[in-house]
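Below: the structure, in structure tokens.
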Amino acid sequence: MPNLISKSKLTTAILMACLAVTAISTKAMAEKTAPAWPIKVPLIPTKFDWLLLKNGELLAGDLISMYQDEVEFDSDEIGIVTIKLKDIAQIRSKDIMSIRLDNDEVHQGQLLITEDRISFIDKPGVSFPRSTLLTIAASEKSGESLWDGNISFGMNFKSGNSERFDYTAQAHASRLTASSRITLNYTGIFAEVEDPDSGDTVKTEESHRLIASYDWYYSRNIFFRLPSFEYYTNEFTNIEHQLTLGVAAGYKIYDEPDSKWDVFAGPSVQYTKFDQVQNDEKDDDTSPVLVVGTDYERDITDDIEYFFSYNVKFVSTESGSIIHHVETGIEIEVVNDFDIELTAIIDSVEDPIPDENGELPEATDVLFIVGLKYSF
């Protein structure tokens, strides 16, 4: 009997302790209170486009485009951001947008994209599997601009025993629709140094390159460049003017959220006006061209991207035989719409054209650029 009484008292003590702990925990939880989140997201967007990430983050701003499984979004507070489509739970647009599916159909409407479906707020009953989505672009019906782009500028100055000043300017603009893309790219390079003997400033580099192209998407992996145009001038490589006009077919070897690889090839025609030639030589040449090229991008981290672009032109001997152009480097996101670019540009001509004195320019030019890029 005494043992039973002792056990009963022990059980009672344990129960009382558990109740005390429960009461303390309940009181602590009751003390941890917070008001509701002070945010109201409209079911139907009117002022902003809304983008909900799978981790619960919510962005308000303007949906720019979706291309190669990456969504470009201009957040009202953060600025322009690029987000992988696989990380997005939902998109709602305030304006009419244009989408292209992988069966080549184009549809327009006020978008409502969930994790598995594409539908339209203004067209109930119309929907498609999200897996069929190829591109998103602004619709001309929305009244929004279909253009976006960026500009970058790099400068180097040295003083002391000698002075050197050089700068580079680059600009990119693109107009993206659901089935096509127009791209414009410009690179300008200028450099001058002080002559140590005379003290005069001597220009040592000046070149300009403008590239324009129109891409039509035939399918998810195949595109046609109809046409492509390039203008180039560089008196230090004996090129007064060089114009190339052509067409090309392209194929996406792979197109993943963190890496992309395209190849393209096609015929062109090139006209070259030389800066100086020997007395018995022509000062210009028109040549058929075969262009082969590739573009590669890969995200090293969320803030660092590696890029590589290369094309080679097979031309006549009078125009240089084989012309190579390489641009490669990394892009580092700094803040909002600003990035730092570290770029190497390599130009090489198999058979350079001699000047009026019979002197050959260097076959290969290599330039390294540190620039600050602003996206708009």
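The values are calculated or read from the model by the stated rules, or taken from the named source; none is laboratory data. Note that this is a predicted model, so its numbers are computed, not measured. Reconstructed Cβ throughout: ideal geometry from the backbone, glycine too, with neighbour counts over all protein chains shown.
Do the conditions hold for E77, that is, is it under 23 Å from the mean Cα position of the chain (by Cα), acidic (D, E) and part of a loop (DSSP other than H, G, I, E, B)? Let's see the steps before the verdict.
Numbers: under 23 Å from the mean Cα position of the chain (by Cα): yes; acidic (D, E): yes; part of a loop (DSSP other than H, G, I, E, B): yes.
Spelling it out, E77 is indeed under 23 Å from the mean Cα position of the chain (by Cα), acidic (D, E) and part of a loop (DSSP other than H, G, I, E, B).
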Query raised in the report: What is the one condition in (1) surrounded by fewer than 14 Cβ atoms within 10 Å (Cβ to Cβ); (2) farther than 30 Å from K86 by Cα; (3) in contact with a Gly (Cβ under 8 Å, 6 or more places away or on another chain); (4) modelled with pLDDT under 95 that V269 does not satisfy?
Result: (4)
Query raised in the report: Restricting attention to region 231-238, does a residue exist that is part of a strand (DSSP E or B), over 20 Å from the mean Cα position of the chain (by Cα) and not polar (S, T, N, Q)?
Result: yes
Query raised in the report: Which of the following residues is part of a strand (DSSP E or B), acidic (D, E) and in the same structural domain as M155 (by TED's automatic domain parsing): D280, D295, D351?
Result: D295
Query - Lone unmet requirement of (1) assigned to a strand (DSSP E or B); (2) without any contact (Cβ under 8 Å) to a residue 40 or more places away in the chain for P38 - result: (1)
Query raised in the report: Which condition number in (1) in a helix (DSSP H, G or I); (2) modelled with pLDDT of 90 or more; (3) of a type outside the set (G, A, S) is the one that M16 fails?
Result: (2)
Query raised in the report: What tally of residues in region 159-210 results from selecting those that are within 30 Å of R100 (Cα to Cα) and of a type in the set (K, R)?
Result: 2
Report summary line: When region 338-356 is checked residue by residue, the ones that are closer than 17 Å to H241 by Cα and of a type in the set (S, T, N, Q) are S348
**Report entry** Residue check for I323: at pLDDT 90 or above and surrounded by 14 or more Cβ atoms within 10 Å (Cβ to Cβ)
**Finding:** yes
**Report entry** Of the criteria (1) more than 31 Å from the chain's Cα centre (by Cα); (2) surrounded by 15 or more Cβ atoms within 10 Å (Cβ to Cβ), which one D283 fails
**Finding:** (2)
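Report, by residue number, each residue of region 116-157 that is among the hydroxyl-bearing types (S, T, Y) and modelled with pLDDT of 90 or more.
Applying the first criterion (among the hydroxyl-bearing types (S, T, Y)) to region 116-157 yields 119, 127, 131-132, 135, 139, 142, 145, 152.
Within region 116-157, S119, S127, S131, T132, S152 qualify.
With the condition kept exactly as written, say whether any residue in region 290-297 is surrounded by 15 or more Cβ atoms within 10 Å (Cβ to Cβ) and of a type in the set (D, E, K, R).
As a first pass, look at region 290-297 and keep what is surrounded by 15 or more Cβ atoms within 10 Å (Cβ to Cβ): 291, 293-297.
Applying the additional criterion that residues be of a type in the set (D, E, K, R) yields 295, 297.
Yes - at least one qualifying residue is present in region 290-297.
Each row is one residue, and each column tells you yes or no for (1) outside the structural domain of S309 (by TED's automatic domain parsing); (2) in contact (Cβ under 8 Å) with a residue 40 or more places away in the chain; (3) over 30 Å from L85 (Cβ atoms).
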residue	(1), (2), (3)
Y167	no, no, yes
R209	no, no, yes
S213	no, no, no
P227	no, no, yes
Y232	no, no, yes
S259	no, yes, no
